[in-house]
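Written below as structure tokens is the structure these notes are about.
The values are calculated or read from the model by the stated rules, or taken from the named source; none is laboratory data. Bear in mind that the values here come from a model prediction, so they are computed numbers and not experimental data. Here the Cβ positions follow ideal geometry from the backbone for every residue, glycine too, while neighbour counts run over all protein chains shown.
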Amino acid sequence: MNKTQHYVLGKWITGTGEGIPSFDAVTGEFIASTTVEGLDIPAILHYGRTKGGEKLRKMTFQERGNMIKSLAMYLTKRKEQFYEISYRTGATRVDSWIDIEGGFGNLFANASLRKLFPNQPFHVEGDPIDLSKGGRFMAHHILVPKKGVAIHINAFNFPIWGMLEKCAVNWMAGMPAVVLPAPVTAYLTEAVVQEIIASNILPEGALQLISGTTKNIFDTVESQDVITFTGSAATGRLLKAHPRIIQESVPFTMEADSLNASILGEDAVPGTPEFDLFINQAKSEITVKCGQKCTAIRRMIVPEKLMDDVQIALGKSLDKVTIGDPRLKEVRMGALVSKAQADVLKNRVNELSKTASIVYGDFDTLNIIGANEKGAFVSPIVLREDKPFQNLSVHETEAFGPVSTIMPYKNLDEAIELAQMGKGSLVSSIVTNSDEIAKEYVVNAASHHGRILVLNRENARQSTGHGSPLPLLVHGGPGRAGGGEEMGGIRGIKHYMQRCAIQGSPTTLTEITGIYQPNSAYKEITRHPFQYHWEDIQPGMSLKTHKRTVTDTDIINFANLTWDHFYAHTDITSLDGSIFEKRTAHGYFILAAAAGLFVYPNKGPVAANYGLEECRFLRPIYHNDTIYVRLTCKQKIERDVASAEHPSGIVKWFVE
């Protein structure tokens, strides 16, 4: 019997026993069975923490990012082989693109974040905090990689994206991963992991694959581990309550299927672009991935006067959807992942139809192109619930497939209340051309949603759509949606790191963080800092310049040059009653004069001035005042340029 394989402890193995069979969603043909019997789970987790973790934690952010970028490029070159396997899950080319290239895109997006981190294994967060009046005792926060393993339990609907959107983040943070895909589509995840391991791009132990679910995965988790779960809210709650997770205080992020709502604004009447956008988006969310998306629209909340218009327009749009073999170009909707999932879907629709009416589609009549009833094909189903405040099933029961329900609202307050009755969602959207309506909805509905899309004619062409989570935005939601948070750019990476407040003297914290802290001891140098090459510069290196006295002539000439004739610079007869005592030098003259003092005139390693930051004019400089400059290296930021001939980067200078 063909079995999916596991990659654990540095080798490919198969489990013992018969396992759970998976079938081609289109033909019903047997593909493989998945069994986890015989796996040494404690050893697998320990292997990740040590073999993979020790290597990843020593790598800098730039090294990790470039590693992930290389992996993304490697997989992209081999993408076509994954499309052929993905068709067997019932996914069309478009559906598979979301899963395959969307997953690779997550790698690219997270790899690019390396430029926002230092070229070191840990990250310094925020600004320094002065804990004393004299500035001799201070604090700064740093983040270091957790010394555990990330355990990812993924759902069946995105076997590639679901793995890579999580792993890209934990790898950037410096943590290894153990991935557990759902058995029914584990064969597709396995195919990608086969290529990842063959690439030799990741350090050994950075990725292990357990093809299926195992009941004892949590029995030996430790406090430094991180667990993520994607799936049903009911299953997630059971897992989250595992005694070992509670005992060890293991972070647990749950991203659960939710009853996401899309609202049609009262202004979006038939004939407006927004009405058409609502209908097109609804059709897409019902049919893409055969409705098997945790972010799909389950509830369409529309003005009561437009209920019939929406029902008719959506029905006409769905009539154009062709169903069948996802390999065929003319097919627009494939199959559910399995016959078993189709049975579950029918039961859920039956529950909803006890109060709501089915106004489009049925489970008995279906025109299938290029396939037959052996596949897990179903029709799109639209229900209508005219009493959504009385009949609560529509806010509690999710049919995970091409199913959505239309319901009415009288005013925007009712629409907001209905959206909130889902008790927490991953995403909501509102389609309106009224910014006033949009603001009212967003401000009042945001408490119950992880993301809100405002869709209108202006952004329609560029919009990524209701159901598309993006790597740089948080993915998750409160309440029923799990109360967790994935991705989110830098925010997501920090979930796999430990934040620690470091207290000490400015000099000590300069050495720890690699960032010069004000009041730290200077490292006096004899040569001008602009004469040093990149590799010789260190934070704290400092030069005190010679002095210059500001004259009346300097100020007047600068005023004539810039046309800045502010009275304090040019009219000393107007100073009475002002905060100024004498003729005052322009702030920008002080900067220019400071540059003249600290710039090294001869040709040297310095290429260009990148710009000024943290420039503040705290007190006036008057004519006849004498100034000097102290120039101290604050921080070095390496340039991540593969083609660079010599080490280089940006040097931030602390200028006093």
Qualifying residue in region 133-144 (condition: under 20 Å from Arg499 (Cβ atoms) and under 20 Å from the mean Cα position of the chain (by Cα)): yes
All positions within region 305-322 that are closer than 17 Å to Pro270 by Cβ and of a type in the set (Ser, Thr, Tyr): Ser317
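Quick grid of which residues meet (1) assigned by TED's automatic domain parsing to the domain that holds His152; (2) under 30 Å from Asn411 (Cβ atoms); (3) at pLDDT 95 or above; (4) part of a strand (DSSP E or B):
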site	(1), (2), (3), (4)
Ser211	yes, no, no, no
Ile217	yes, no, no, no
Ser223	yes, no, no, no
Ile227	yes, no, no, yes
Ala234	yes, no, no, no
Ile246	yes, no, no, no
Asn280	no, yes, no, no
Of the criteria (1) over 22 Å from the mean Cα position of the chain (by Cα); (2) more than 21 Å from Glu485 (Cβ to Cβ), which one Ile196 fails: (1)
Failed criterion for Arg49 (all others in (1) among the charged types (D, E, K, R); (2) at pLDDT 90 or above; (3) under 21 Å from Gln292 (Cα atoms) hold): (3)
Yes/no for Arg78 being among the basic types (Lys, Arg) and surrounded by 18 or more Cβ atoms within 10 Å (Cβ to Cβ): no
First in region 86-109 and within 22 Å of Ile323 (Cβ to Cβ), second anywhere and of a type in the set (Phe, Trp, Tyr) and not in a helix (DSSP H, G or I), Cβ under 9 Å, 6 or more apart: Arg88/Phe23; Thr89/Phe156; Gly90/Phe377; Ile98/Phe158; Asp99/Phe158
Candidate set: region 580-602, residues that are among the aromatic types (Phe, Trp, Tyr) and more than 11 Å from Tyr628 (Cα to Cα); chosen: the one surrounded by the fewest Cβ atoms within 10 Å (Cβ to Cβ): Tyr588
Pick from region 305-324, criterion more than 33 Å from the chain's Cα centre (by Cα) and in a loop (DSSP other than H, G, I, E, B), ranking: nearest to Phe30 (Cα to Cα): Thr322
Given (1) without any contact (Cβ under 8 Å) to a residue 60 or more places away in the chain; (2) more than 29 Å from Leu470 (Cα to Cα), index of the condition Gly315 fails: (1)
Failed criterion for Tyr409 (all others in (1) touching a strand residue (DSSP E or B) at 6+ places or on another chain (Cβ under 9 Å); (2) in contact (Cβ under 8 Å) with a residue 12 or more places away in the chain; (3) more than 14 Å from Met300 (Cα to Cα) hold): (3)
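So for region 199-206 (the condition being touching a His at 6+ places or on another chain (Cβ under 9 Å), in contact (Cβ under 8 Å) with a residue 12 or more places away in the chain, among the hydrophobic types (A, V, I, L, M, F, W, C) and not in a helix (DSSP H, G or I)), does at least one residue qualify?
no
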Lone qualifier among Val378, Val349 - being surrounded by 15 or more Cβ atoms within 10 Å (Cβ to Cβ), within 33 Å of the chain's Cα centre (by Cα), within 15 Å of Thr287 (Cβ to Cβ) and among the β-branched types (Val, Ile, Thr): Val378
Top-ranked residue in region 203-224 [being polar (S, T, N, Q) and touching an Asp or Glu at 6+ places or on another chain (Cβ under 8 Å); ranked as surrounded by the most Cβ atoms within 10 Å (Cβ to Cβ)]: Ser211
Residue selected from region 448-484 under the condition assigned to a loop (DSSP other than H, G, I, E, B) and of a type in the set (A, V, I, L, M), by the criterion farthest from Gly231 (Cα to Cα): Ala460
Region 4-15 residues that are of a type outside the set (Ser, Thr, Tyr), paired with ones that are assigned to a loop (DSSP other than H, G, I, E, B) (beta carbon under 6 Å, 6 or more apart): Gln5/Thr14; His6/Ile210; His6/Ser211; Gly10/Glu204; Trp12/Gln5; Gly15/Thr35; Gly15/Val36; Gly15/Gly38
Those residues of region 492-513 which are under 23 Å from Lys636 (Cα atoms) and out of contact with any Leu (no Cβ under 9 Å at 6 or more places or on another chain), in sequence order: Ala501, Gly504, Ser505, Pro506, Thr507, Thr508, Leu509, Thr510, Glu511, Ile512, Thr513
Selection count where residues are among the β-branched types (Val, Ile, Thr) and surrounded by fewer than 22 Cβ atoms within 10 Å (Cβ to Cβ), scope region 225-239: 1
Met487 in contact with a helix residue (DSSP H, G or I) (Cβ under 7 Å, 6 or more places away or on another chain) and under 15 Å from Pro121 (Cα atoms): no
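Please find, among Val359, Val349, Val302, Val331, the residue that is touching a strand residue (DSSP E or B) at 6+ places or on another chain (Cβ under 7 Å) and in a loop (DSSP other than H, G, I, E, B).
Val331
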Within region 491-507, considering residues that are surrounded by fewer than 16 Cβ atoms within 10 Å (Cβ to Cβ) and closer than 22 Å to Asn119 by Cβ, the one farthest from the chain's Cα centre (by Cα): Ile502
Residues (in a helix (DSSP H, G or I) and either on the phi > 0 side of the Ramachandran plot or crowded, with 24+ Cβ neighbours inside 10 Å (or both)) located in region 150-183: Gly162, Met163, Leu164, Glu165, Lys166, Cys167, Ala168, Val169, Asn170, Trp171, Met172, Ala173
Number of the exception - Glu524 against (1) out of contact with any Phe, Trp or Tyr (no Cβ under 7 Å at 6 or more places or on another chain); (2) more than 25 Å from Leu631 (Cβ to Cβ); (3) not hydroxyl-bearing (Ser, Thr, Tyr): (2)
